[in-house]
Every structure is written in structure tokens, then in C-alpha cells.
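Everything below concerns the one structure shown next.
The numbers here are math on the coordinates, done by the rules we state, and not lab data. Everything numeric here is computed off the predicted structure, so don't read it as measured data. Positions of Cβ are generated from backbone atoms using ideal geometry, with glycine treated the same way; all protein chains shown enter the neighbour counts.
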Amino acid sequence: MNCPSTVQPWCVSLNSGQLDGYYGQFKIDLTVGVAEDPTETDLLWLVYPNPAVIGFTVQAPVDGSKVPGSIVMYDMTGRILFAHHMPGRSITLNTSATPPGAYLLVVRDLYGERMHQQTLILEP
């Protein structure tokens, strides 16, 4: 495929298993697919320790943004392991009964809008 000179830096071909006809800037994470860059607000959230063993803390930024309402932890099949009300900008949760693995944490505001999501690793 011949790429127009105006998009040549980002033009690749899908012939033989590669992208074809896509013009634009993108980032590929080979372990999970296409990844989005974290937003500036995402970088202000703290989830620690990560990896965790028996528990972890989620701390929302103190930047005047909306107040968190709930935190939900999903396994990699999308099954909800737990959901908790987040009473303030910080919560510490015990995971001693949760099997080791990778989990997705999603924090939503009081109206159900996603505020933050992050992968959490639990070790044995």
C-alpha cells in the first residue's frame, strides 16, 4: 500500500497481518490490545501497595473533583468480586480471602460515572 505523504509517519499496511488504511496516531499494548494513555486525573489517584498481599488502599485526589461513591473489584472474566461504598476520598480493603491474580478496580461517583479504573495485582 502506498501511503499519502501527509500521513506517512503513521501509515501502515494490513497486508500479511498488519494494519491497513488506518491513518492517525495510536498506541498498541501487545499484552492486552490497544491501550489508552492515562488521563491527568488518573495519575493523581493512589492504589497501594500494588502488588498487594492482604489488602490495599485507594486514595482519591484532593483536587476539588467529584467525591467517590463506590469501588468495585472485578476478576478478569468480568465477575464482580466485591462492591463497597467509598465513604470519603480514601478506603482500605482486606483481600486476604481473595485468590492471587490480576483484578480490575473501578471507582464511580455518586451518580455512577466512572472516575478511575486500575489493575490491581494480588500476590500469594
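Quick one: THR77, THR92, fewest Cβ neighbours within 10 Å first, how do they rank?
Starting with the residue having the fewest Cβ neighbours, the order is THR77, THR92.
Could you point to the residue in TRP45, PRO61, PRO99 farthest towards the positive end of the range 42-122's charge dipole, with +1 and -1 charges on the Cβ of Lys/Arg and Asp/Glu respectively?
Ranked along the dipole, the leading option is PRO99.
Expressed in nm to one decimal, what extension gain is obtained for the pair SER90 and ILE121 from 0.36 nm per residue of sequence separation less their Cα-Cα distance?
Between SER90 and ILE121, full extension yields 9.3 nm more.
Among rounded, prolate and oblate, which fits the range 79-124 when a ≥ b ≥ c are the square roots of the eigenvalues of its C-alpha gyration tensor, a/c under 1.5 means rounded, and a/b larger than b/c means prolate?
Cα axes put the range 79-124 in the prolate bin.
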